[in-house]
Structure formats: C-alpha cells, structure tokens
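Take a look at the structure below.
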Amino acid sequence: MIRGSLLEKGVAEAVGAAVASAIISLAMLYILLDTFSTAANLQPAAPIPGRHLSEKLLLYPAEANLGIKNIGPETVHISYVATLDTGGSKVIVNTKQSTLCSVSPSRAVAPGSTAVISCRAGYRPIAVVTEGGRVFSIDPQLYASIMERIGWIPITTIFGGMNITTTSELLKYIENPSLMISGAVDTSTELRLSRHGSGSVRATLDASLIFIGTNPVNNKMNLLIVGRGTPGTNVSIGGGVVDIGRAGQRRYRLKIENFTGTITIDNVVAQPGIHPCYINRGSTCRIRLSGQADRVLLYTNTTYSGRAVVGLEPYVLIGDINRNNNTEILFATQDFSTGNRNSKNDVVPGVTPSIDLLDSSAAPIRIIFSGTSIDSSRYSTAILTVRMFFWDNSEDDISDNDNRIVMRVGLYDNTTKSFVYSTYLSYHELSRYRHVRPFSTSYITKDFTMHIPNTGRRYYIAIELLDPFYLESNRNDADLIVGLEYVGIVLGSR
C-alpha cells in the first residue's frame, strides 16, 4: 500500500478554514488526478503492448463498492485499486498482495463480464490500474452524485453530459465566434470550404485519421475525416459529386454532423472512437459511408494553395467518442505522420516535392461557460475539475518541443473580456499522458485551486485550447489532438 498527503500544506493554508468542506470535496476529486501518477511510480515505465490499447472498462458505483464492466475486446487484469480512506489519504492497493480490497469473482475480467471491487470498512474504491498500465476511473458526474449523497459539498457540472452536441451549440460558448470562419489556425497548406450542405451524403475516401462520435441526444453520428485525395475517391453531398482525387490532391477534411446511415473502415462496420490509420500502420484506411446528415462541410486543397490563416471549423468536432454519454470537444491539428527533433512531424508521405501539413493556433479557442456565474462577494475559492485527454505527434516530445501552454483555465470577467485569475497545463506535463506510436491516450482528471478576488462582480469559468507549435528548424512543430469531456466546480464560501 502506498499513502500520500492529499494536499500540500501551502494549498491548505491558502484555502483556509472557511472552505474546509470544499477541501474534503477536493480530496475525493484529487484521487482521479493523482491515481495515474501514483500508479505509474509502482513500476518502471515501458511502452504499452499493443493488445492493452484496446482495454476498455466502465466503472460505476455499487453501494459502497465499485462495479466494473469490460466493454472492450480483451480480457483485462486488475493489478491495483485506488481508494480513499476516512482520513482523506489516498491508498493504492496491490490486488495480488493485499487483502484490503478484493475483486470478485476474479481479477481477470473477460469481455462483456462484470466484477465488483469491495474494500474493508473505511476505504472507498475510486479507480483501478490494469496489468497493462491503463488507468480507469469513475465518471465525474457519477462521482459528483456520490459526494452529494454522502453530504459533502456537491460538484456543479459546468460542461458535461450532452449540453453541447454540435458545433452550432459550441458557438454559443466561444468568446469570438468569427474564429470558426477565419483567423484561428495558421497552416502551411490552406484549407478552403469546397462544398457544404445537408441531406444525402455518400463518400469513398482514403483517410489518415478518422474521428467518430455519437450525439447522445439522438444517437446520430458526428464525424471528422482527415486525409489526401487519391484516384477514384469522391464525396457526394445532396447529389453533387466532388472528385477528391483532384480537389484534395494536397489534403482534405470532411466534417459531418447528425449522420444516420452506414460507415465502414476497411470493409468493417465503424465504431465510435479515434481511428489513427496512418499513425499506427503507415498507410491510410479506406472509409465508405452512405446516409443522411443535417450538416456536411468539405474542405479541400489543390496543388496551388499554400500558407494561410484559416477558420477553426475543420479542426473541431463535438461528439461522444468513448460511449459514456458525455460529449467531448475535440481540437485536432494532426493530419498524417509523426516525427522527431530531426524531421518535420506532419507531412504528406511519399510526395515529391514534400507537402508540409503544419498547423498551429493563430488565436486560442476561448470557451466561456456562461451558464454558471460565480458571485465574488460570496465565494473566496473555486476548485475546478477538468477531465480530458491529449495526444501529439512528436516521438522526441520534450527534446523536440519547448514547454508551451496548451490549455489555460481560469476566472473570466465578461465586462473586461479577460481572465482575472488563471492557471494552465503545459506541453511537458501533458505529453506524459500519451503514447505516440502505436496511438494511445489516457483520460486524465486535473484539479485547479483558484483564488476569487472580492470585487463584488460575477465571474465565469473559461478554458482556452491552443496548438502553440508551428515549426522552428525541425523543432517546435508538434501537432495535437485534445479532447475536453467534463468541467465541474466546487466553491468555498467567504
């Protein structure tokens, strides 16, 4: 068993006795953050074997126990259980060596099977670590309901579930909606809107990267398909056919919202998720789809268009990619290849002269969650919880890219249109939570303690996402995939 102090002394002093109950709430939340880093210290780091990448567990509360359902194709072995004891300390239990927690009927959970983790009185199981090193934790919204039932200060959900399910709904929260059309992304290979429409849509494409998410409200699909045109590939929107082999010779991005119909990837029925075709195997996937959609946008580039600053639309998708009824806000500048400090990270393969696909943020995406305001005269401290995932295409990570800001969170003043308090997640921090090839990400939950100035004004929570890398002599050229799934807040009274 490994024990750790939940909060550093300095943070505890800063929060103070007035928000003691909020700190208790943070203790419950912190395990979601720290489970990953604590578990990672239990054994030397090593590349994750390919078969573990398909591990998928759904965790849910079962009275005082923790229920597990294996929703993936592989048998998963539970190695560690993360718990919280009555004193507010985290306790990591080795299921092979300790009797503090037990997994029944077996540590090995077969596909489609369930198991229950039960621990001794005074210990509440929160998360698990598999034999393959993957970390799975309770969904934050379920976690919030547990806290509320046991009488601690509840988490207020700011973003989660299905309150944003399409790009048009996201526009209501973006500080500068015009960035969706222009001025958002600096790119070496311009993307131009070729066709847009609705109704019938058919496509046969060679894709390097495919995102498929569901809209939990209507169970329809939202898709973002990235690739380059090849002979015989095409898209039909409302009966009008585009020859992608010609129109997208350098690149294309196809975005579809509220799709119903059939989707196959290499002749296999496609499932929600991220399909990293070129990243994993060095070749494209053949995707075919046929059906109806509420919105279809096709962005292309011929051999003539070079560097430009374009809109955010073809780089953003909203959808539930892990089928837990929480939609993610996805921001993706990745197109084809991975690279290192001696090469450009994202290029079209096998083309002479080379085609660079370098994308970076010309302006950050600033999302203002205006549905929840914070009265600064009533509250002195906010504890913000963010659940997300991250991936980038740099095989040399910190020696290839400087430590620049990727996500910024804080208190936003709608009058001055600025942050009054903010903190951030940097590249060197986030690059620890992914595996470049084969493609792998881990959902992580981060908690941020924020001071609320006593001005009498009302503030909002804001989050900025950005890709800070373009190219500097083969360095600082990472392309990213960021997924934001949940934002919650606990407030401490003055």
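The values are calculated or read from the model by the stated rules, or taken from the named source; none is laboratory data. The structure displayed is predicted, hence computed values, not measured ones. Note: ideal-geometry Cβ built from the backbone for every residue, glycine included; neighbour counts use all protein chains shown. Ligands, DNA and RNA are excluded from the accessible area calculation, which covers all protein heavy atoms including side chains. Shrake-Rupley method; radii C 1.70, N 1.55, O 1.52, S 1.80 Å.
Considering S168, S178, the condition of being open to solvent by 50 Å² or more (accessible area, probe 1.4 Å), more than 20 Å from the chain's Cα centre (by Cα) and modelled with pLDDT of 85 or more is satisfied by S178 alone. S399 fulfils the conditions (1) farther than 22 Å from D477 by Cα; (2) open to solvent by 40 Å² or more (accessible area, probe 1.4 Å) except for a single criterion, (1).
Taken together, Y299, Y304 contain a single residue that is free of Cβ contacts under 8 Å to residues at least 12 places away in the same chain and not β-branched (V, I, T), which is Y304. Applying the set (1) part of a strand (DSSP E or B); (2) open to solvent by less than 40 Å² (accessible area, probe 1.4 Å); (3) more than 20 Å from L330 (Cα to Cα) to T445 leaves exactly one unmet item: (3). Among the residues making up the stretch 448-475, those that are open to solvent by 50 Å² or more (accessible area, probe 1.4 Å) and charged (D, E, K, R) are R457, R458, E472, R475.
With respect to (1) of a type outside the set (F, W, Y); (2) within 28 Å of the chain's Cα centre (by Cα); (3) part of a loop (DSSP other than H, G, I, E, B), the lone exception for V129 is condition (3).
Matching residues to (1) small (G, A, S); (2) modelled with pLDDT under 95; (3) out of contact with any His (no Cβ under 9 Å at 6 or more places or on another chain):
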{"site": "V309", "(1), (2), (3)": "no, no, yes"}
{"site": "Y315", "(1), (2), (3)": "no, no, yes"}
{"site": "G319", "(1), (2), (3)": "yes, no, yes"}
{"site": "N325", "(1), (2), (3)": "no, yes, yes"}
{"site": "D335", "(1), (2), (3)": "no, no, yes"}
{"site": "S354", "(1), (2), (3)": "yes, yes, yes"}
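Taking the numbered list (1) out of contact with any helix residue (DSSP H, G or I) (no Cβ under 8 Å at 6 or more places or on another chain); (2) modelled with pLDDT of 95 or more in turn, L297 passes all entries but (1). Sub-7 Å Cβ pairs linking a first residue in the stretch 56-78 that is free of Cβ contacts under 8 Å to residues at least 60 places away in the same chain to a second residue that is assigned to a strand (DSSP E or B) and open to solvent by 50 Å² or more (accessible area, probe 1.4 Å), at least 6 apart or interchain, are A62/V116; G67/Y60; G67/T114; G67/V116; K69/L58; K69/T114, ordered by first then second residue. So which residues in the stretch 71-104 are assigned to a loop (DSSP other than H, G, I, E, B), within 30 Å of P272 (Cα to Cα) and open to solvent by 20 Å² or more (accessible area, probe 1.4 Å)? Across the stretch 71-104, the qualifying residues are I71, P73, E74, T75.
You will find that of A121, A115, A127, A108, the residue that is surrounded by fewer than 20 Cβ atoms within 10 Å (Cβ to Cβ) and in contact (Cβ under 8 Å) with a residue 24 or more places away in the chain is A108 and no other. Evaluate the following for T189: is it open to solvent by 20 Å² or more (accessible area, probe 1.4 Å), outside any helix (DSSP H, G or I) and of a type in the set (S, T, N, Q)? Criteria not met by T189.
Can you tell me which of R437, R404, R432 is within 21 Å of N345 (Cα to Cα), out of contact with any strand residue (DSSP E or B) (no Cβ under 6 Å at 6 or more places or on another chain), modelled with pLDDT of 95 or more and among the basic types (K, R)? Full working, then the answer.
On the way: R437 fails: modelled with pLDDT of 95 or more; R432 fails: modelled with pLDDT of 95 or more.
Going through R437, R404, R432 in turn, just one is within 21 Å of N345 (Cα to Cα), out of contact with any strand residue (DSSP E or B) (no Cβ under 6 Å at 6 or more places or on another chain), modelled with pLDDT of 95 or more and among the basic types (K, R): R404.
Annotation note: of N326, N345, the sole residue that is open to solvent by less than 10 Å² (accessible area, probe 1.4 Å), in contact with a Pro (Cβ under 9 Å, 6 or more places away or on another chain) and either closer than 22 Å to G483 by Cα or outside any loop (DSSP other than H, G, I, E, B) (or both) is N326. In the stretch 86-112, the qualifying residues are those that are at pLDDT 90 or above and polar (S, T, N, Q), and the one that is nearest to G67 (Cα to Cα) is S104.
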